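Undergrad: This is the structure I want to talk about, given as structure tokens.
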Amino acid sequence: MHPAQVKILTVIGARPQFVKAAVVSRSIADANARAPGSVSEVLVHTGQHYDANMSDVFFEEMRIPKPHHHLGIGGGPHGAMTGRMLEAIERVVVQERPDWLLVYGDTNSTLAGALAAAKLHVPVGHVEAGLRSFNRRMPEEVNRVLTDHVAALLFAPTDVAVANLAREGVSGPGVRQVGDVMLDAALYYRQLARPTAATAPLLAPLAGGFFLATVHRAENTDDPARLKGILDALSEISARTPVILPLHPRTRGSLGAWRAPPSLHVIDPVGYFDILCMLQACGGVLTDSGGLQKEAFFFGKRCLVLRDETEWVELVEKGFNLLAGADRDRIVSAAASFLDGAAPEALPLYGDGHAGERIVEALLERR
Ligand code: UD1
């Protein structure tokens, strides 16, 4: 006899969520193949990220199933975006009547999904629970804290995340340290990744060494002094070691009259396979992205974090990453002293590459 079917409604909308959901979607499909009819997934794309190179490319490369519901809600101020998503997701939840609503990370799509479900008494699973920057001016921090406090199953990637939740009074059997789905993704897709036409011609001549950089956090892109500090630092660093900077649309919109020197290669956002290939080939990473800080570590590369604080504190404490902020001189000198050094020996900080399976097991067990 098969167990009764569990229906999972997954809400995603922004680039990092596509990577994480690819892992769990595959684990859901595997669980259903082992026990046919035991579990199904309905995918909702809010539309927060909508450009082909911010969204479609991830679905194609990572073979994420086509969304059943595409809400087409992207852009606009935070309140309006989140509110429109809340209204639209509520309609989908009422229609689909899922056993679980699953959200990822810390975006406006995460919060809208979690709130819609909580108000309809549908239990929420939160992948990447318990991360904290302790900076409530970041929209992501507000989204994480609120999502964790309405979630029934909290999938924490690290011991630090479990401890953060306990400090806020969130503990018990709903909190699971499962490891990090981004490690699952890196381990699985690195075997499949090849540079695409977007990066292959650039990577070949830079094989002798380059740094990979990304910048997109609101605290950097919306503050002209911080953004100038970072861009000037990248320009100066690139005079010695070329830098590739795939640029998020938010950042491109804030560039104004700034122009990159020829050794700083500013390109359009790239897909996951290109990022994996560049991580493999680069000499180090400079980023304000949450995901890329860890991906650098997965590939044994050192990383300068272009922020004043980070959620991934263990990487800084263990000497893999360094907080460099947004000051030009500080970034330039850290690049010379830190990025050029050898990374410490790898540690199992993010699990064993089987977080996705554990998440699905927990969802099936706690219906
Ligand atoms: C969002 C998340 C952040 C995550 C990041 C990954 C929130 C609050 N922030 O930030 O946690 O790390 O995604 O990329 O949810 N835009 C385009 N094309 C796109 C997507 C966005 O032009 O495909 C434009 C939007 O219209 C907007 C700007 O880029 O003007 C920023 O997009 P938005 O979704 O607000 O936030 P992100 O900066 O991407």
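The values are calculated or read from the model by the stated rules, or taken from the named source; none is laboratory data. Predicted model, so just to flag it, every value in this text is computed and none were measured. When we count neighbours, we look across all protein chains shown, and the Cβ atoms used for this are built from the backbone with ideal geometry, even at glycine.
Undergrad: Please enumerate the residues belonging to segment 266-294 that are part of a loop (DSSP other than H, G, I, E, B), more than 15 Å from the ligand (Cβ to nearest atom) and within 17 Å of the chain's Cα centre (by Cα).
TA: Residues satisfying the conditions do not exist here.
Undergrad: Could you list, in sequence order, the residues of segment 159-173 that are part of a loop (DSSP other than H, G, I, E, B) and more than 24 Å from residue 108 (Cβ to Cβ)?
TA: 169, 171, 172, 173
Undergrad: Any residue at all in segment 168-190 that is within 16 Å of the ligand (Cβ to nearest atom), within 16 Å of the chain's Cα centre (by Cα) and surrounded by fewer than 22 Cβ atoms within 10 Å (Cβ to Cβ)?
TA: Within segment 168-190 (the criterion being within 16 Å of the ligand (Cβ to nearest atom), within 16 Å of the chain's Cα centre (by Cα) and surrounded by fewer than 22 Cβ atoms within 10 Å (Cβ to Cβ)), the answer is no, since none of the residues qualifies.
Undergrad: Here is a follow-up. Which members of segment 103-125 meet the condition of being touching a Phe, Trp or Tyr at 6+ places or on another chain (Cβ under 9 Å), under 20 Å from residue 165 (Cα atoms) and away from the ligand (no atom under 14 Å from the Cβ)?
TA: Passing the criteria: 123, 124, 125.
Undergrad: Next up: Kindly list, by first and then second residue, each pair from a residue in segment 129-157 that is at positive phi and in contact (Cβ under 8 Å) with a residue 12 or more places away in the chain to a residue that is surrounded by fewer than 17 Cβ atoms within 10 Å (Cβ to Cβ) and part of a loop (DSSP other than H, G, I, E, B), limited to pairs with Cβ atoms under 7 Å and residues at least 6 apart or on different chains.
TA: 134/309
Undergrad: From 243, 175, grab the single residue that is over 25 Å from residue 283 (Cβ atoms) and modelled with pLDDT of 95 or more.
TA: Checking each option against the conditions leaves just 175.
Undergrad: Identify, please: which residue in segment 210-265 is within 16 Å of the ligand (Cβ to nearest atom) and assigned to a strand (DSSP E or B) and is, among those, nearest to the chain's Cα centre (by Cα)?
TA: This residue is 214.
Undergrad: Of these, 117, 112, 151, which one is surrounded by 24 or more Cβ atoms within 10 Å (Cβ to Cβ), closer than 19 Å to residue 93 by Cα and touching a His at 6+ places or on another chain (Cβ under 8 Å)?
TA: 151
Undergrad: Moving to a separate point now. For segment 319-359, which positions are among the aliphatic types (A, V, I, L, M) and in contact with a strand residue (DSSP E or B) (Cβ under 7 Å, 6 or more places away or on another chain)?
TA: Scanning segment 319-359 gives 322, 323, 324, 331, 334, 335, 339, 359.
Undergrad: While we're looking at this one, here's another question. Could you tell me which residue of segment 339-360 is farthest from residue 158 (Cα to Cα), considering only residues that are at pLDDT 95 or above and not in a loop (DSSP other than H, G, I, E, B)?
TA: 360
Undergrad: Just one of the numbered conditions (1) outside any loop (DSSP other than H, G, I, E, B); (2) in contact (Cβ under 8 Å) with a residue 40 or more places away in the chain is not true of residue 304; which one?
TA: Result: residue 304 fails condition (2) only.
Undergrad: Continuing with the same structure: For segment 1-57, which positions are hydrophobic (A, V, I, L, M, F, W, C), touching a residue at least 60 places away in the same chain (Cβ under 8 Å), surrounded by fewer than 24 Cβ atoms within 10 Å (Cβ to Cβ) and within 15 Å of the ligand (Cβ to nearest atom)?
TA: 14, 54, 57
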